[in-house]
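The values are calculated or read from the model by the stated rules, or taken from the named source; none is laboratory data. This is a predicted model, so every value here is computed, not measured. Here Cβ is always computed from backbone atoms with ideal geometry, including for glycine, and neighbour counts include all displayed protein chains.
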Amino acid sequence: MTDSLRDAATFPVWHETAQVDWQPEAAPSAAEVDVAIVGGGLSGLWTAFYLSEAEPRTRIAVVEARRIGFGASGRNGGWCSGFFPLLPSELADRFGRDAALAAYRESFASIDEVQRVVESEAIECQFHRGGTIQSASTTVQASRLQEVVRRQHHLGMTRDDLRWLSPVEVREHLRLAETYGAIFSPHCATVNPHALVTGLARVLRARRVHLWEDTVVHEIRDGMVEHDHGHVRAALVVQATEGYSNGFHQTKRRVVPLYSLMVATEPLSAAVVSDLGWTNRVTFNDGGNMVIYAQLTADNRIAFGGRGAPYHFASRVRDSFDLDTSTHRRITESIARHFPAVADASITHRWGGPLGVPRDWIPTMTLNRSARYARLGGYTGDGVAATNLFARMLVDTWHQRDTPLTRLPFINHHSPLWEPEPFRFLGINALLKLSESIDSHEARHGASPRIRQRIFDALL
């Protein structure tokens, strides 16, 4: 499997079946609109979608440095998950029980909303709702995950939201090489994310929303978007730049770009899929500190991703960082470890990209009317459903509607700044190394290394 990395295509597998069917149009040298959205990913497109739905006469422009969906929105793992980076109990520690439960109710409902739009707008993105499992690969992980379930149930979540599966019950969803049980939740679907992006773009073009591509924005200030060949004036500017946010003064040190890398196997035979028992295409991750994630695609490939690629000094983002052979090799080894039936499958695609991570892992929607500025993001890799929720939150707030969304705790939440360099570089990369080290120790010794775990928790 690792040998095939050399010959793998270096672009997302999602691009194979989701083709862009329009010619790019750059922004004019001068333009005036009602709302200018900087960033052509899901945050920006969902915002444009709901703004145009609320008031069809609104003049809207999406300004994108590359192509629509170039960033994480078109290259992620294809999980449309109702879970935030922080669990309900962790959000409750910050905002209180009622606010945390309200946030999760709306997040779970966002999957329904995405499905509604996909179906009503005939967006072909292989949307499939199969739920998700987080499997314990060690006894230590099993104890940790069972405690997670207990805490969420104590808070007010129910077995309909998440429940513990025995190893025998896990096999009803997926046959793993080794499991000591798993958390199951129905609140997750899968999509081809690039097809979702291009489908939304098609809808917006039909609504006469401007999609201005190949237009690098240098500054946002006082309702003005300054780009590399002119400017756009607007009554509201929405920043939706996620992992590409460090270059703007509004988000300097607010969000750092962490790289998540992925591979995809060749399409698996029906016999292999049957051996895996992957009957309803449930998404999979395990209970380790180092994040991994997988789905079985509509054409029976395993799309498998993981964190662990190095953070780059001063939050630099470059195309060359999308590929890291050692990280891609570790990901393919994880596939073979969890799914030995596909150990000989070829890797046909490998890719990666940055995601946006706030210091406290809490996403935000900020609106400053006097500055004619709004911002949404900080999803830490859980953005396919959250972008929909936060876009609706922004539009309801902008139109001064009193809805459950306008009372969510993410509105005008200010995450603390990340540390200045070189402390940011040293701290983040130390966290990545510690995650891998702790997982290895737990697998070898069946216990967590207490000192390393304390250091890890302190750095977080």
Taking strands (runs of 3 or more DSSP E) that fall entirely within segment 227-336, which contain at least 3 residues that are closer than 20 Å to THR190 by Cβ?
255-265, 283-286, 292-296, 302-306
Kindly state which strands (runs of 3 or more DSSP E) lie completely within segment 1-91 and contain at least 1 residues that are surrounded by fewer than 20 Cβ atoms within 10 Å (Cβ to Cβ).
30-38
Reported set for segment 216-249 where residues are surrounded by fewer than 17 Cβ atoms within 10 Å (Cβ to Cβ) and not hydrophobic (A, V, I, L, M, F, W, C) is HIS218, GLU219, ARG221, ASP222, GLY223, GLU226, ASP228, HIS229, GLY230, ARG233, GLY247, HIS249
Hey, GLU219 hits all of (1) closer than 27 Å to ALA30 by Cα; (2) touching a residue at least 60 places away in the same chain (Cβ under 8 Å); (3) part of a strand (DSSP E or B) but one; which does it fall short on?
(2)
As an exercise: evaluate VAL170 against (1) touching a residue at least 60 places away in the same chain (Cβ under 8 Å); (2) at negative phi and give the number of the one condition it does not meet.
(1)
What residue, among those in segment 354-380 that are within 24 Å of the chain's Cα centre (by Cα) and at positive phi, is surrounded by the most Cβ atoms within 10 Å (Cβ to Cβ)?
GLY377
So GLY383 passes all but one of these: (1) under 18 Å from the mean Cα position of the chain (by Cα); (2) at positive phi. Which condition number does it fail?
(2)
Within segment 40-61, is there a residue that is more than 13 Å from THR387 (Cα to Cα) and in contact with a Phe, Trp or Tyr (Cβ under 7 Å, 6 or more places away or on another chain)?
yes
Is it the case that THR158 is closer than 29 Å to ARG94 by Cβ and either in the same structural domain as HIS445 (by TED's automatic domain parsing) or of a type in the set (S, T, N, Q) (or both)?
yes
Scan segment 175-190 residue by residue and report those that are within 22 Å of VAL272 (Cα to Cα) and in a loop (DSSP other than H, G, I, E, B).
ARG175, LEU176, ALA177, GLU178, THR179
Conditions (1) farther than 25 Å from ALA303 by Cα; (2) surrounded by 17 or more Cβ atoms within 10 Å (Cβ to Cβ); (3) in contact with a helix residue (DSSP H, G or I) (Cβ under 6 Å, 6 or more places away or on another chain) -> THR138 fails only (1)
State yes or no: is GLU53 among the acidic types (Asp, Glu) and assigned by TED's automatic domain parsing to the domain that holds THR198?
yes
Residue list for segment 150-174, restricted to those being crowded, with 17+ Cβ neighbours inside 10 Å and part of a loop (DSSP other than H, G, I, E, B)
MET157, ASP161, LEU162, HIS173, LEU174
